[in-house]
Structure formats: structure tokens, C-alpha cells
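Data block below; observations after.
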């Protein structure tokens, strides 16, 4: 049973010696991750999960996928209300169709591989070191801290920015075709929205700003999704695309907004309402 495994039986310790704080291999992996994150805001640790567990990873994702909240809706890249008062020409006025779905954390079992990774202190310390952070906190959000992203054939996850600054993810099921992760490295920063560049990408004029990334089940992706516009292209074929999203932050107490939570999960809990008046924010960027 997956729940009986320790962290050293889940990840490839030979390749990524997380449990040895003084290992040259661990230091090397961290240095490489930091360099890529500094350059492009994204890095992928290939074959992070033990290969013999890939079937368990796929099966666990497929087991919870039916709990995904599906809704095709009109959104913008900032996930703010479409009637938000903004100047003419602002990229948030460009309307996109979102057709993906999310399984909330309260539907993901405590013994699943992704849940055990998400809460493991050794794993969190390693991720924090890769992001060069003193601390890394799980989301206080009861729904969004850990979730499974499900994209049906014919659907996509359109261009968007993440609410949280640091995102960790792992593909658990590859689609038959399509479903490519594309991103625009550091297209904005905490002090500048760079609206012209964002508009160019959303209007199909920004190909030079876009990178495509091949992701495979079991690879660990570290990503600064708050500053890099990104999407998953339309999934083709008969199979779904599944990806586990491990949401962390460098400060405690972060809970998603009411609007964002309702978009993703179709429901809002009292925690979200209570947090709305005193949300913890680290910048003044649009969500």
C-alpha cells in the first residue's frame, strides 16, 4: 500500500538524495534548479519519482479524477471578474474559454503518493532550497493547497497567471496527444505587469516569448507561475491529462480568493469568506 512507503521509497534517492542534507548530489540538484529558476522561472527534475511507482501514480489520479469540478466558462488571464473596471486595451479584457477541471484537496486521500509528498518535511525543505527560500508553507486553503488538474480531450487550460508565487507540479497521466505545457518566462515581475507583452501573447503575436516544455509522468516541475504566463494546450485523442499541483508559499496563512476558488472548485468554504477581508498578499499585481 502506498501509505506505508517513506520518502526514500517514493523518490529516486540515488538521483536526488533528499534525505542527506550534506550530500554533494543534493547540493548539485539544488544549484541546477536555482540556476534555471533564475533564468526562466522554471525547472524540471526528470525521473524524480521512482519508475516502479508510475503505475501507482497514474492509478491514484484516475481514481480521484471523477471528483473534478467541470465547468466551461469565460475567463481572463488574471482570473479576475470580467466586468472589472480597466482601461481600454488592457489584456484582462481579452476573454478566454477555460475548459479544464480540478479535484480539490479534500477529495485526495492521505495515503496517495502526491499527498504524502506534499506534506513531507524533507520534500518541502528540498523544494524550499531549490527556490532559495528560508521557509516554505503549505497553503492554508483547505481546497487549493493540493489538487489534481484534469483536462478532458478537446479542452485546454488557457493562458493565465498563478495566484501563488511558487508552484510545484507533477504530471500523473500523459494524454494521447496535445496537452503541451507552454509558458512565457518572467513575462512580468512584482513591480511591472508588462501589459504590452502579455497582450501580444494573448492576441497570438507573441510567439517569440513562448516556450514549450515536454513533461512526463514522475518528473517534478518547479515553476514561478505568478510571473510567467502559462497554459496547457488542447488535449487530443481519447485520454485525459492529469497533473498534481502542489501549492506552496513563502509566507503562512495564504487562502485563495472567493472568486478564484469558485472558478476552480465550484464551491467556497467559510475559510475563504473569512479570509477575504484580510487576505495575505505580497504584491499589488492582478491575480
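Summary of computed values
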read-out: Qualifying residue in region 274-284 (condition: at pLDDT below 95 and under 20 Å from residue 95 (Cβ atoms)); value: no
read-out: Pick from region 250-267, criterion in contact with a helix residue (DSSP H, G or I) (Cβ under 6 Å, 6 or more places away or on another chain) and surrounded by 17 or more Cβ atoms within 10 Å (Cβ to Cβ), ranking: nearest to residue 131 (Cα to Cα); value: 255
read-out: Count of region 17-28 residues which are crowded, with 18+ Cβ neighbours inside 10 Å and either farther than 21 Å from residue 134 by Cβ or free of Cβ contacts under 8 Å to residues at least 60 places away in the same chain (or both); value: 1
read-out: Candidates 70, 118, 78, filtered to the one that is out of contact with any helix residue (DSSP H, G or I) (no Cβ under 6 Å at 6 or more places or on another chain) and surrounded by 18 or more Cβ atoms within 10 Å (Cβ to Cβ); value: 118
read-out: Strands (runs of 3 or more DSSP E) wholly inside region 165-238 that include at least 1 residues being at pLDDT 95 or above and within 22 Å of residue 154 (Cβ to Cβ); value: 166-173, 181-184, 211-213, 229-232
read-out: Condition met for residue 125 (out of contact with any helix residue (DSSP H, G or I) (no Cβ under 7 Å at 6 or more places or on another chain) and farther than 22 Å from residue 27 by Cα); value: no
read-out: Any hit, region 86-103, residues being within 28 Å of residue 45 (Cα to Cα), without any contact (Cβ under 8 Å) to a residue 60 or more places away in the chain and in contact with a strand residue (DSSP E or B) (Cβ under 7 Å, 6 or more places away or on another chain); value: yes
read-out: Answer from 59, 50, 34 - the residue that is surrounded by fewer than 20 Cβ atoms within 10 Å (Cβ to Cβ) and in contact (Cβ under 8 Å) with a residue 24 or more places away in the chain; value: 34
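The values are calculated or read from the model by the stated rules, or taken from the named source; none is laboratory data. Just so you know, these numbers come straight off a predicted model, no measurement behind them. Neighbour counts run over all protein chains shown; Cβ positions are idealised from the backbone, glycine included.
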